[in-house]
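These notes are about the structure you will find just below.
The values are calculated or read from the model by the stated rules, or taken from the named source; none is laboratory data. Given the structure is predicted, the values throughout are model-derived calculations rather than measurements. As a convention, Cβ positions derive from the backbone with ideal geometry for all residues, glycine included, and neighbour counts pool all protein chains shown. Side chains included, ligands, DNA and RNA excluded: accessible areas come from the protein's heavy atoms. Shrake-Rupley method; radii C 1.70, N 1.55, O 1.52, S 1.80 Å.
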Amino acid sequence: MTTFKIPETIHFGENSLATLASLSGTKAIIVTGGNSMKKFGFISQVQQLLNEAKIDSIVFDGVEPNPSVQTVIKGAQVMCDFTPDWIIAVGGGSAIDAAKIMWCFYEHPHLSFADIVPVGSMPALRNKAKFIAIPSTSGTASEITAFSVITDLKNHIKYPIVSAHIVPDIAIIDPALPATMPAYITANTGMDVMAHALEAFVSIAANDYSDPLAMRAIKLVFENIETAYQQGDDLQARTNMHNASALAGMAFSNVSLGLVHSLAHKIGGEFGVTHGLANAILLPYIISYNKKSTNKYTEIEQYLNIISLEDELRILNQKLNIPLTFNNIDEVKISKDQFIAVLDRMSENAFNDPCTLTNPGTPTALDIKDIYLQSFFGQK
């Protein structure tokens, strides 16, 4: 038997944020990241809507781009003190991911982070609160998924936490939020959507429910990401990208991902490379590797009427000002010596990432090492 799980309710399209005014409850905590959601007035808008619903609210902000175990524990303590019956995450994937695990520790304060790392180990939630996710980026699809990625700063490892219990109760997908995002975030998060959709489509767990969602998301990204990147206030392009993110999320949350995410998680943990940027760089190299084990990329190429998916992705990266190799990224500088020093450990950790299990074929740690080398130095 196979199960397909998505949020019970998805509100999408312009002005969908207004549905918050109809919530029933007493107290809500709003979890968010840096200043952008406050700066553009979305946090105050959420609090006003909650006020209309007669729900008291507080804000936990400052969730970092790669949310840490420490931040999650801190947020859970605030929740334990406030005792909300709604947890509302507003922001990018980091804020939503962090809020999910705060929720777990709020409901089960006796647990440690190590207790929930194994897939399926998280106990049932919703004993104290329900969860609403309101994404500000069209990227991680954390508002749809059973996934959260948390960073262990001590060991420099990003851990994907997987549990059906952390699929949000309500997802609100309003294009007004991502319309405020800078171009480079639009590019990086948009390519994260592409990676989700492509990896879900070729996952060894893919099925008749996930494939149409993944394929539609791939098409939407190819057709809209450039416009969203160049014209951030184009609400049609923003709507299409936001929907693509959710569609891809529905697919990969149920059939998992592959090597792109395994490798991105680990190079992100080692060097702080933004997740979507890492995915964008890795995609062409891993598709070339995976083509030896699956014919499903041919279906995509036929559907899109293109010859080489890898080449089209490289062209798209260049249009979005995304470099083709890790040694050319600007957000962090990774020297050859730094990269080689951690390569074996990083490759082994990526091999052991849960996402590797659903990648086509039978990749080894040596295969992963070779892909890392290609993606750093640029060999095809």
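Return the pairs, sorted by first residue and then second, in which the second residue is open to solvent by 70 Å² or more (accessible area, probe 1.4 Å), the first residue lies in region 50-71 and is under 10 Å from Ala21 (Cβ atoms), the beta carbons are less than 7 Å apart, and the residues are 6+ apart or on different chains.
Ala53/Ser22; Ile55/Thr26
Being modelled with pLDDT of 95 or more, in contact with a strand residue (DSSP E or B) (Cβ under 9 Å, 6 or more places away or on another chain) and open to solvent by 20 Å² or more (accessible area, probe 1.4 Å) is the filter here, so list the residues in region 251-301 that pass it.
Selection gives nothing.
Output the qualifying pairs, or none if there are none: Cβ atoms under 7 angstrom, residues six or more apart or on different chains, first residue in region 307-325 and without any contact (Cβ under 8 Å) to a residue 24 or more places away in the chain and surrounded by 15 or more Cβ atoms within 10 Å (Cβ to Cβ), second residue assigned to a helix (DSSP H, G or I) and of a type in the set (Lys, Arg).
Short answer, once both residue conditions are applied: none.
Can you name the number of the only condition in (1) buried (at least 17 other Cβ atoms within 10 Å of the Cβ); (2) in contact (Cβ under 8 Å) with a residue 24 or more places away in the chain that Glu107 fails?
Every listed condition holds for Glu107 apart from (2).
Report, by residue number, each residue of region 12-27 that is within 16 Å of Ala133 (Cβ to Cβ) and either of a type in the set (Ser, Thr, Tyr) or within 19 Å of the chain's Cα centre (by Cα) (or both).
Listed by number, the residues that qualify are Phe12, Ser16, Thr19.
Hey, can you tell me all the residues within region 325-351 that are modelled with pLDDT of 95 or more and not in a helix (DSSP H, G or I)?
Thr325
Does any residue of region 108-119 turn out to be within 18 Å of the chain's Cα centre (by Cα) and not β-branched (Val, Ile, Thr)?
Filtering region 108-119 for residues within 18 Å of the chain's Cα centre (by Cα) gives 117, 119.
With the extra rule that they be not β-branched (Val, Ile, Thr), the set shrinks to none.
Among the residues of region 108-119, not one is within 18 Å of the chain's Cα centre (by Cα) and not β-branched (Val, Ile, Thr), which makes the answer no.
Could you please let me know if Ala179 is over 30 Å from Tyr289 (Cα atoms) and open to solvent by less than 10 Å² (accessible area, probe 1.4 Å)?
Details: over 30 Å from Tyr289 (Cα atoms): yes; open to solvent by less than 10 Å² (accessible area, probe 1.4 Å): no.
So Ala179 does not fit the description; no.
What are the residues in region 57-70 that are surrounded by fewer than 23 Cβ atoms within 10 Å (Cβ to Cβ) and farther than 20 Å from Arg126 by Cβ, if any?
Ile58, Val59, Asp61, Gly62, Glu64, Pro65, Asn66, Ser68, Val69, Gln70
Out of Leu257, Leu263, which single residue is touching a Leu at 6+ places or on another chain (Cβ under 8 Å) and within 19 Å of Phe147 (Cβ to Cβ)?
Details: Leu257 fails: touching a Leu at 6+ places or on another chain (Cβ under 8 Å).
Criteria check complete, one pass: Leu263.
For Ile170, all conditions in the list (1) open to solvent by less than 20 Å² (accessible area, probe 1.4 Å); (2) within 27 Å of Thr2 (Cβ to Cβ) hold save one; what is the number of the exception?
That leaves (1) as the condition not met.
Please enumerate the residues belonging to region 166-186 that are under 18 Å from Gly249 (Cβ atoms), touching a Phe, Trp or Tyr at 6+ places or on another chain (Cβ under 8 Å) and in a helix (DSSP H, G or I).
Ile166, Thr186 - these are the residues of region 166-186 that are under 18 Å from Gly249 (Cβ atoms), touching a Phe, Trp or Tyr at 6+ places or on another chain (Cβ under 8 Å) and in a helix (DSSP H, G or I).
What do you reckon, is Asp330 free of Cβ contacts under 8 Å to residues at least 40 places away in the same chain and either within 21 Å of Ile225 (Cβ to Cβ) or open to solvent by less than 60 Å² (accessible area, probe 1.4 Å) (or both)? Outline the logic, then answer.
Details: free of Cβ contacts under 8 Å to residues at least 40 places away in the same chain: yes; either within 21 Å of Ile225 (Cβ to Cβ) or open to solvent by less than 60 Å² (accessible area, probe 1.4 Å) (or both): yes.
When the stated conditions are applied, Asp330 passes them.
Go through (1) in contact with a strand residue (DSSP E or B) (Cβ under 9 Å, 6 or more places away or on another chain); (2) within 22 Å of Asn290 (Cβ to Cβ); (3) modelled with pLDDT of 95 or more one by one and return the number of the condition His196 breaks.
(1)
Listed here are the residues, each with its yes/no results for (1) more than 30 Å from Lys336 (Cβ to Cβ); (2) assigned to a helix (DSSP H, G or I); (3) under 17 Å from the mean Cα position of the chain (by Cα); (4) not hydroxyl-bearing (Ser, Thr, Tyr).
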position: Glu223; (1), (2), (3), (4): yes, yes, no, yes
position: Ser245; (1), (2), (3), (4): yes, yes, yes, no
position: Asn254; (1), (2), (3), (4): yes, yes, yes, yes
position: Ile267; (1), (2), (3), (4): no, yes, yes, yes
position: Ser288; (1), (2), (3), (4): no, yes, no, no
position: Asp311; (1), (2), (3), (4): no, yes, no, yes
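Quick check on my filter: what residues within region 118-152 are crowded, with 24+ Cβ neighbours inside 10 Å and of a type in the set (Ser, Thr, Tyr)?
Within region 118-152, Ser136, Thr137, Ser138, Thr140, Ser142, Thr145, Ser148, Thr151 meet the criteria.
Here are Glu64, Glu8, Glu52: which of them is among the charged types (D, E, K, R) and in contact with an Asp or Glu (Cβ under 6 Å, 6 or more places away or on another chain)?
Details: Glu64 fails: in contact with an Asp or Glu (Cβ under 6 Å, 6 or more places away or on another chain); Glu52 fails: in contact with an Asp or Glu (Cβ under 6 Å, 6 or more places away or on another chain).
Matching residue, one of Glu64, Glu8, Glu52: Glu8.
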